[in-house]
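*Asks:* My structure is below; once you've seen it, I'll send some questions.
The values are calculated or read from the model by the stated rules, or taken from the named source; none is laboratory data. The model shown is predicted, which means the values in this text are computed figures rather than measured ones. When we count neighbours, we look across all protein chains shown, and the Cβ atoms used for this are built from the backbone with ideal geometry, even at glycine.
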Amino acid sequence: MFEETTLEGKLTLRNRIVFSPYIEYQANKNGTISTHMADFYLQMAREGVGLMIMESAYVTQQGRAHTNQLGISTENHVEGLSRLIKNMHEEGAKVALRLAHAGARTSEMVAGEQPVAPSSINFGKDYDPSREFDDGDIEEIILFFVHAAERAEECGADLIEINGGQMYLLDQCTSGRINNRADNYGGNIEQRMNLAVEIIKAIKSRVSPQMPISYMFSIHDKLEDGFDSNELKGMIKALNSAKVDFYHPVSIHVLNKFFDTEETLVEWVGKLGKKSIIADGNIKSPQILKEAMSLYKSQLFALDKVIFTRPNWYSFLKKKIPPPQ
């Protein structure tokens, strides 16, 4: 847990502890790094985190979810991100930038235009009804992600993470309830994953071969709609075809069992894929962390904010989780 490790031959970390963002929308109104945000991330890096995952950054104004969301859509966002990443590197942490498009989870006021999504969706009073994206939109969306990934590399990021969760655009595509398209971007799970796959492949063709790609996703909100083990198998198969480097499945609780079995989500993902896994889901105590480690499927562990808000949490963990004999 606390020793240096190299994963997928690309990413060397001082330990296996991951900071997964639990505070969002703290940027300046133009999407640049605010002083508050910089201080917060830098403090976490100083505490001893191996990998810092920064909050979702919008890849285009069209996909902006909030007026104070972090951005990586223009060159204006690069300077502040570069400075913060450099400072976190000096504290010994590696940094992942999470790229996101809100899809229908935004409004015309925030996005500057009618939201786009796989289908016409209205998430409620805080959002505006979306229009269904067409072929021209798909080409643009892929380019938005590619250019954002290039900026992330320019900023010095060590890993690029694609946001396939939080009911943002790619999660909307994955949802069989929300996505009712009848073309190659709707239908079975592998078709619903096509946009994500095309984005990952396009990014990989444009950034350094040594830049790892992680895909963050959740399935809890899809279970009632019939998302089963076969759907998960199709999702992982699609991610494998895109040659993703890390899986980042997020659970309500990392030890929750799935599909009427005694296996957790990380165990399911571990047997369906062969890449490194970031375990994430309410890991709020040393005991839960020990149990997650005992599954022997995850290589990295995203800790809950409860641990991060404890004084001297890193020393606390090292005392509670001694090295193997």
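*Asks:* Against the condition crowded, with 20+ Cβ neighbours inside 10 Å, more than 21 Å from Asp304 (Cα to Cα), touching a Ser or Thr at 6+ places or on another chain (Cβ under 6 Å) and of a type in the set (Val, Ile, Thr), how does Thr60 come out, does it pass?
*Replies:* Values: crowded, with 20+ Cβ neighbours inside 10 Å: yes; more than 21 Å from Asp304 (Cα to Cα): yes; touching a Ser or Thr at 6+ places or on another chain (Cβ under 6 Å): yes; of a type in the set (Val, Ile, Thr): yes.
Criteria met by Thr60.
Each row is one residue, and each column tells you yes or no for (1) touching a helix residue (DSSP H, G or I) at 6+ places or on another chain (Cβ under 9 Å); (2) among the charged types (D, E, K, R).
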| site | (1), (2) |
| --- | --- |
| Tyr215 | yes, no |
| Ile219 | yes, no |
| Glu224 | no, yes |
| Glu231 | yes, yes |
| Lys237 | yes, yes |
| Ser241 | yes, no |
| Val254 | yes, no |
| Thr261 | yes, no |
| Thr264 | yes, no |
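*Asks:* Checking Lys243 against (1) over 17 Å from Ala196 (Cα atoms); (2) at pLDDT 95 or above; (3) in a loop (DSSP other than H, G, I, E, B); (4) not aliphatic (A, V, I, L, M), which single condition isn't satisfied?
*Replies:* Only one criterion in (1) over 17 Å from Ala196 (Cα atoms); (2) at pLDDT 95 or above; (3) in a loop (DSSP other than H, G, I, E, B); (4) not aliphatic (A, V, I, L, M) is unmet by Lys243, namely (1).
*Asks:* Determine whether region 229-236 contains at least one residue that is surrounded by fewer than 16 Cβ atoms within 10 Å (Cβ to Cβ), touching a Phe, Trp or Tyr at 6+ places or on another chain (Cβ under 8 Å) and more than 23 Å from Phe2 (Cβ to Cβ). Step through it out loud before you land on a result.
*Replies:* Kept after step one, since they are surrounded by fewer than 16 Cβ atoms within 10 Å (Cβ to Cβ), are these residues of region 229-236: 229-230.
Next, from what is left, pick out any that are touching a Phe, Trp or Tyr at 6+ places or on another chain (Cβ under 8 Å): 229.
This time we only want the ones that are more than 23 Å from Phe2 (Cβ to Cβ), so: 229.
Checking region 229-236: at least one residue is surrounded by fewer than 16 Cβ atoms within 10 Å (Cβ to Cβ), touching a Phe, Trp or Tyr at 6+ places or on another chain (Cβ under 8 Å) and more than 23 Å from Phe2 (Cβ to Cβ).
*Asks:* On to the next question. Taking region 86-101 as the search range and keeping residues that are touching an Asp or Glu at 6+ places or on another chain (Cβ under 8 Å) and buried (at least 24 other Cβ atoms within 10 Å of the Cβ), which one is farthest from Ala149 (Cα to Cα)?
*Replies:* In this case the residue turns out to be Val95.
*Asks:* Of a type in the set (A, V, I, L, M), closer than 14 Å to Gly63 by Cβ, at pLDDT 95 or above and touching a Gly at 6+ places or on another chain (Cβ under 7 Å), is that true of Ala148?
*Replies:* Values: of a type in the set (A, V, I, L, M): yes; closer than 14 Å to Gly63 by Cβ: yes; at pLDDT 95 or above: yes; touching a Gly at 6+ places or on another chain (Cβ under 7 Å): no.
Taking the combined requirement at face value, the residue does not satisfy it.
*Asks:* Need pairs with beta-carbon distance below 8 Å; first residue touching a residue at least 60 places away in the same chain (Cβ under 8 Å) and assigned to a strand (DSSP E or B) and within region 17-44, second surrounded by fewer than 19 Cβ atoms within 10 Å (Cβ to Cβ) and among the aliphatic types (A, V, I, L, M); sequence gap 6+ or separate chains.
*Replies:* Ile17/Met1; Phe19/Met44
*Asks:* Same structure again: Could we say that Glu8 is touching an Asp or Glu at 6+ places or on another chain (Cβ under 6 Å), surrounded by 17 or more Cβ atoms within 10 Å (Cβ to Cβ) and among the charged types (D, E, K, R) here? Before the answer, list the steps.
*Replies:* Numbers: touching an Asp or Glu at 6+ places or on another chain (Cβ under 6 Å): yes; surrounded by 17 or more Cβ atoms within 10 Å (Cβ to Cβ): no; among the charged types (D, E, K, R): yes.
For Glu8, the condition - touching an Asp or Glu at 6+ places or on another chain (Cβ under 6 Å), surrounded by 17 or more Cβ atoms within 10 Å (Cβ to Cβ) and among the charged types (D, E, K, R) - is not met.
*Asks:* Then there is this: How about region 288-312: which of its residues are polar (S, T, N, Q) and in contact (Cβ under 8 Å) with a residue 12 or more places away in the chain? Even if it seems obvious, please write down each step before you answer.
*Replies:* Start the filter on region 288-312 by keeping residues that are polar (S, T, N, Q), which leaves 294, 298-299, 309, 312.
Selection gives Ser298, Gln299.
*Asks:* Out of the residues in region 126-140 that are in contact with a strand residue (DSSP E or B) (Cβ under 8 Å, 6 or more places away or on another chain) and not acidic (Asp, Glu), state the one that is surrounded by the fewest Cβ atoms within 10 Å (Cβ to Cβ).
*Replies:* The extreme case among them is Arg131.
*Asks:* A follow-up question, please. Can you tell me which residue within region 154-189, out of those that are among the charged types (D, E, K, R), more than 25 Å from Leu70 (Cβ to Cβ) and in contact (Cβ under 8 Å) with a residue 40 or more places away in the chain, is surrounded by the fewest Cβ atoms within 10 Å (Cβ to Cβ)? Quick ask: steps written out before the conclusion?
*Replies:* Quick first cut of region 154-189, residues among the charged types (D, E, K, R) only: 154, 158, 161, 171, 177, 181, 183.
Imposing the further condition that a residue be more than 25 Å from Leu70 (Cβ to Cβ) reduces the set to 177, 181, 183.
Applying the additional criterion that residues be in contact (Cβ under 8 Å) with a residue 40 or more places away in the chain yields 177, 181.
Values: Arg177: 13, Arg181: 15.
Among residues in region 154-189 that are among the charged types (D, E, K, R), more than 25 Å from Leu70 (Cβ to Cβ) and in contact (Cβ under 8 Å) with a residue 40 or more places away in the chain, the one surrounded by the fewest Cβ atoms within 10 Å (Cβ to Cβ) is Arg177.
*Asks:* Please indicate, with yes or no, whether at least one residue in region 220-237 is of a type in the set (Phe, Trp, Tyr) and either under 21 Å from Gln299 (Cβ atoms) or in contact with an Asp or Glu (Cβ under 6 Å, 6 or more places away or on another chain) (or both).
*Replies:* No, region 220-237 contains no residue that is of a type in the set (Phe, Trp, Tyr) and either under 21 Å from Gln299 (Cβ atoms) or in contact with an Asp or Glu (Cβ under 6 Å, 6 or more places away or on another chain) (or both).
*Asks:* Additional query: So which residues in region 63-79 are charged (D, E, K, R) and surrounded by fewer than 18 Cβ atoms within 10 Å (Cβ to Cβ)? Spell out the reasoning first.
*Replies:* Kept after step one, since they are charged (D, E, K, R), are these residues of region 63-79: 64, 75, 79.
Passing the criteria: Glu75, Glu79.
*Asks:* While we're on this one: Quick check on region 102-125: of everything there that is at positive phi and out of contact with any strand residue (DSSP E or B) (no Cβ under 8 Å at 6 or more places or on another chain), which residue is surrounded by the fewest Cβ atoms within 10 Å (Cβ to Cβ)?
*Replies:* The initial filter retains those residues of region 102-125 that are at positive phi, namely 103, 112, 124.
Still in the running and out of contact with any strand residue (DSSP E or B) (no Cβ under 8 Å at 6 or more places or on another chain): 112, 124.
Numbers: Gly112: 12, Gly124: 6.
Among those residues, the one meeting the criterion is Gly124.
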